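Rule-based calculations on the coordinates, nothing more; no lab input. Note that the structure is a prediction, hence the values are computed from the model and not measured. Methodologically, a virtual Cβ is constructed for each residue, glycine included, from the backbone with ideal geometry; neighbour enumeration extends over all protein chains shown.
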Amino acid sequence: MQENKQAHIDSSPLQTKSTKALMAEVSARLDAIEKLPAHNGDKELIAELESKGISRRDFMKWAGAMTAALSLPASFAPLTARAAEIANRTPVIWLHMAECTGCSESLLRTEDPSVDSVLFDMINLEYHETIMAASGYQATQNLESAIKKHHGNYILMVEGGIPKGSSEYFLTIGANGTTGAQECRHAAEGAMAIFAIGTCSSYGGVQAAAPNPTNAQPLDKIISKPIIKVPGCPPSEKNIVGNVLYFAMFGKTPPIDAFGRPTWAYGHRIHDLCERRGHFDAGEFVEAFGDSNAEKGYCLYKVGCKGPYTFNNCSKLRFNSHTSWPIQAGHGCIGCSEPNFWDTMSPFERPLGNTPFHTAYNGYGADKTADTIGAAVLAVTAVGIAAHAVVSSMVKAK
Ligand code: FSX
Ligand code: SF4
Ligand code: F3S
C-alpha cells in the first residue's frame, strides 16, 4: 500500500470560506499572476485557439466544463477561463525520468488540438527534453539557468519512476551523468509546486513492477516536499491541465484521496460512471474478445476489466479531445491510475474475481459488490442465462 504524506492538506477551500470571499481571493491571486511577464510575448490564448478553429464561445464552454470537473460552483467559470488565459505567466520545468514519455505525448501529439493541448503549448515550459532543441551540455545549462532564474516561482513536473539508493546510477541524465534522483532533488529545492505526472512518477509504474531490477521509486520516495499526484498511464490532458489551473487559482494542492490523488479527478470509480454499467447489472457480458456480445457493447468484466477497482474520470472526460477511452474502444480498464497496477491488476484480460484488493476508499469494502457479483458470475460462467439470472437477483437483493 502507498503511504500518503499529504493527507493533512486534504481540504476544499469551499469548506472553509464563502463562495464570494473565495472568488475575491482567487481574483486577487490571478491579478498578481497577470502582472508577471508572459513567456511568449504577445501570443494570446484566445488568438491561438481561434487560429486552430476554436472560438471564444467554445473556450467559454470548455471553461464551464472544466469548472464543473474541478468540483467548483458554476460562478467560478470566468475565473477558470482567466487562469487559463494567464497560464503562460508561470514557468514550468518538466523532468523526464524512467518512463515511456506517454504522459508528454498525451498532451503533445494531437491531430485535432483541444483547448487543453493548445493551453499546454502556451504554458511557459522553460525546460522539457522532448520538445526542446538543445542537447548535451547546452541542455544541462538550460536546466540550470531555468532553476536559477525562476527560483521559488516555478512549477516542477516530473514524469517517470526514479531508481533509488545503490541503484541510483541505473538512470543518469545529461552531459554530466547526473542521476535522476539527484536531478529531482536539485530541481525540487526551488519549486513552488511539484506535480508527479503519470503513474510512474506517482507510484513507480512499470519500472517498479516486480522484480523492479532498478529499484525504481515514486517521486515522494525521493523528495520530501508535498506533491500533487496525477496518475494514469498516461494521465489525460484534462487531469494535467486541470491541476495546473487549480493551483493557479488557489495556490495550493486540491483535496486528495488516501493515495494522494486529487479527488476532483480521481474521486469516482470507473465502474460507477461506465457506459457499459447497465450491461454489468443485467448480467450481459463479453465472454471472449470478438464475440457477438462484444459487438453489442456488453460489459467487459469477464474479459478482465478492472473498472470496479479503479478511480479516474476517463469515462466522463475521455481522451483525444473527448473522442474515446479504453472501455469505449472495447478493452477493459487495466487500472492504470492505481498504485502498483502492473502487479496487482494483472493478468489484464482475466477478472480479479474475489481476489482481495485494496482501494483508496474503505479498503476492500468499496468494491465488495463488484467482487461478489464477479465471483458469482465466474462460478456460473459456463451457462450464460444462469449467470444472468444469478446476477440480476443479486443486484436486486443488494
Ligand atoms: Fe509512459 Fe509517463 Fe505510463 Fe509512465 O506516462 S504512459 S510509462 S505513467 O511515466 O510516459
Ligand atoms: Fe464498465 Fe468494466 Fe464495470 Fe463492465 S466491469 S461496467 S466494462 S467498468
Ligand atoms: Fe486507465 Fe482504466 Fe482509464 S486503464 S485510462 S484508468 S479506463
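For the range 19-262, with only Lys/Arg (+1) and Asp/Glu (-1) charged at the beta-carbon, what is the dipole magnitude about the Cα centre, in debye rounded to 20? Show your work: numbers first, answer last.
Numbers: 21 positive and 25 negative charges, 133 e Å.
Here the range 19-262 has a charge dipole of around 640 debye.
Percent antiparallel among DSSP beta bridges with both residues in the chain, to the nearest 5? The antiparallel fraction comes to roughly 30 percent. In a DSSP loop and with at most 12 other Cβ atoms within 10 Å, the trypsin sites (Lys or Arg not before Pro) in the range 83-179 are Arg109. For the range 20-64, trypsin sites (Lys or Arg not before Pro) meeting the loop criterion (DSSP other than H, G, I, E, B) and having at most 16 other Cβ atoms within 10 Å: Lys35, Lys43, Lys52.
Placing unit charges on C-beta atoms (Lys and Arg positive, Asp and Glu negative, everything else neutral), compute the dipole magnitude of the range 270-345 about its Cα centre in debye, rounded to 20.
Values: 7 positive and 9 negative charges, 42 e Å.
Value, rounded to 20: 200 debye.
Volume per residue of the convex hull around the Cα atoms, evaluated for the range 29-185, comes out as 139 Å³.
Straightening the chain between Arg350 and Thr323 buys 7.1 nm, computed as 0.36 nm per residue apart minus the Cα-Cα spacing.
First obtain the Kirkwood hydrodynamic radius of the range 57-109 from its Cα pairs, then insert it into the Stokes-Einstein equation at 37 °C and 0.692 mPa s, and state the resulting D in µm² per second as a whole number. Provide the component values of the computation, followed by the final result.
On the way: Rh = 13.2 Å.
Estimated diffusion coefficient is 250 µm²/s.
Model label points for Lys148 and Lys52, set 7 angstrom from Cα along the Cα-to-Cβ axis, are 3.4 nm apart. Geometric descriptor of the range 114-181, per residue, is 114 Å³ (volume of the convex hull of the Cα atoms).
Were the residues from Thr16 through Cys100 laid out at 0.36 nm apart, the gain over their Cα-Cα distance would be 26.2 nm.
When all alpha carbon pairs of the range 86-130 are counted in 10 Å bins from zero, the resulting P(r) reads 25, 54, 21, 0 %. Unpaired Cys in the chain, meaning no second Cys C-beta under 4.7 Å: Cys100, Cys103, Cys184, Cys200, Cys274, Cys299, Cys305, Cys314, Cys333. Gain on full extension, evaluated as 0.36 nm per residue between Arg29 and Glu189 minus their Cα-Cα distance, stands at 55.3 nm.
Taking amide H as placed 1.01 Å from N in the peptide plane, Tyr127 has its amide H under 5 Å from the amide H of Val92, Trp94, each at least 5 places away in sequence or on another chain.
Note on the range 270-345: Rg/Rh from Cα positions, Kirkwood definition for Rh, rounded to two decimals, is 0.95. Compactness ratio for the chain: Cα radius of gyration over 2.2 N^0.38 Å (N = residue count) comes to 1.03. Model label points for Phe289 and Ala175, set 7 angstrom from Cα along the Cα-to-Cβ axis, are 4.6 nm apart. Modelled spin labels at Lys43 and Ala74, positioned 7 Å past Cα toward Cβ, are 3.4 nm from each other.
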